[in-house]
Amino acid sequence: MRCTRKQISLTLGVATGLALAGLASSASAAPKEESLVLQNGTIGYVMTERVWGVYETKDGKEECPQGFNDGNREEFKKIFPEDGKQRTVVETQLKREGEQWHPQTATYKMPTKDVQGKISYGLNLDGKVGPNDFVSPEGEKGIDNQLYRANGCIAGYREGGSFAHFENLFMKSSEDSRVLIEITGIDDLNNDDDVTITTYRGLENLLTDATGDAFVPGGTQRIDMRWGKRYISKAKGKIVDGTLISEPMDTLLIPWGRGVSYQYQVFRGARFKLKLTPETAEGLLAGYADVDSYTLRKNEGWSTHHQSYGQFSSITQRQAMNRLADGYPDPKTGKNTAISSALRVKFTQVFIQRPDQELVSKR
């Protein structure tokens, strides 16, 4: 029996439809993308970028109407003007260098230009809305970030400044600065009311694409369990609409090497707020930065000479931080030892490997 052209077309259409339906059925049954990285309810990430949360307007006049702060060179000229008076190296350069390392004994005080704006990156760390708090760019009130008030009008901390550029450069190239977070107990990467966040220090280079600039998910990071135990901290948390929100960590240490020196920053009451995907995590790490460890880390990593390129004065910054510190008072003196702060951070997905696990890849 011969088939008409119309019958043939109808038959081919039905066959094609059935084939497409089969493909659709197979696609719907395929594993979700996140199942490739969610192993036993666990996902890991490695930090690939961090900058202090400095909110900036185009010309800076909204947050810094008085302009930017002086650096070491500008302050030195004001303290020791060319007035014909004879001064020795000991009573000028060496005296100021000593005061940089021991700012509590500094004998001079330069005026500081604090941030005057109302908007800041960060989180509500104390659960209150006070007169000194900021509003987030999204409109949330009660944002605690007094470090921004101290640093926001220092040129080196702003976009294009030397600090963010070089600190990220050395973080990427220095293996002892590798920051890992592992989230466990995950039932759903979009919504889960009970997960655990653990931080570690990693041991591996970051995995990049052929350009060396973009970071590629899927690498492996071994945990440093020999010298990195101090960096292990835990907190409970939840995932809401794809955003991880952690409870505070009493003490969190972040390795902060700068190529030639080994340092870390101490945070108290630290918490994460990160938008999660199977490949990345991006958002905020906020908490109270310990003032002593901040000053020590800055002086060890940035000489007086190099601070000048960021128009930065460690002594004046420390005096501002002492004045603005708003957390963790010393039990003996009652003075606050930490200052509310926020880091804007980016992470890339990795498979985290413990020392007792067989190597997935070898270098």
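The values are calculated or read from the model by the stated rules, or taken from the named source; none is laboratory data. All of these numbers come straight from a predicted model, not from anything done at the bench. Using ideal geometry, Cβ is built from the backbone for each residue, glycine included, and neighbour counts are taken over all protein chains shown. Protein only, heavy atoms only, side chains kept; ligands, DNA and RNA dropped before computing areas. Shrake-Rupley method; radii C 1.70, N 1.55, O 1.52, S 1.80 Å.
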* **Alpha-carbon gyration tensor eigenvalues x 5, square-rooted, for the stretch 110-250, Å** => 30, 24, 15
* With at most 13 neighbouring Cβ atoms within 10 Å, loop chymotrypsin sites (Phe, Trp or Tyr not before Pro) (DSSP) excluded, longest segment of the chain -> 228-363
* To do: For the chain, set up a Gaussian network in which alpha carbons nearer than 10 Å are linked by springs, and say which option among Gln307, Gln93, Gln66 fluctuates the most.
  => Gln93
* Using Cα pairs closer than 8 Å and at least 6 residues apart in sequence, work out the relative contact order for the chain, in percent. => 22
* Any number yet on Rg/Rh for the stretch 85-133, C-alpha, Kirkwood? -> 1.25
* Under a Cβ-Cβ cut-off of 12 Å, what is the net charge of the residues other than Lys109 that fall near it, where Lys and Arg count +1 and Asp and Glu count -1? -> +1
* Cβ-derived FRET efficiency at R0 41 Å, Thr88 paired with Ile245, nearest 0.05 -> 0.15
* Asked: What span do the alpha-carbon atoms of the stretch 172-218 cover on each of the three principal axes, reported in whole Å from largest to smallest?
  -> 38, 22, 11
* Between Gly84, Gly237, Gly283, which gets the highest mean-square fluctuation from a Gaussian network model of the chain, Cα cutoff 10 Å? -> Gly84
* Exposure rule at most 12 other beta-carbon atoms within 10 Å, DSSP loop GluC sites (Glu not before Pro): the chain longest free segment -> 160-357
* **All-pairs Cα distance distribution in the stretch 110-182, expressed in whole percent, bin size 5 Å** => 3, 15, 17, 16, 16, 17, 11, 4, 0
* To do: Looking at the stretch 204-363, send over the antiparallel percent of its DSSP beta bridges, to the nearest 5.
  => 90
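Let me know the volume per residue of the alpha-carbon convex hull for the chain, in Å³.
Taking only Cα atoms, the chain has a hull volume of 226 Å³ per residue.
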* Hey, can you find the accessible area per residue of the stretch 130-270 for me, probe 1.4 Å, expressed in square angstrom? => 43
* Asked: What does the accessible area of Arg271 come to, in Å² to the nearest 10, when a probe of 1.4 Å is used?
  -> 50
* **Beta bridges per DSSP with both ends in the chain, % antiparallel, nearest 5** => 95
* Structure fact -> Result: in the stretch 98-188 the number of Lys pairs with C-alpha under 28 Å apart, spaced 8 or more or on different chains, is 6
* To do: Just the ratio, please: alpha-carbon radius of gyration of the stretch 191-250 over 2.2 N^0.38 Å, N its number of residues.
  => 1.42
* For all pairs of alpha-carbon atoms in the stretch 239-363, what percent lies in each bin of width 10 Å, listed from the first bin to the last filled one? -> 11, 30, 33, 19, 6, 0
* How high is the relative contact order of the stretch 42-155, given as a whole-number percent (alpha carbon pairs under 8 Å, six or more residues apart)? -> 32
* Can you give the helix-only mean residue ellipticity at 222 nm for the chain, where every DSSP H stretch with n ≥ 4 adds -39500 (n - 2.57) and the sum goes over all residues, rounded to the nearest 500 deg cm²/dmol? -> -7000 deg cm²/dmol
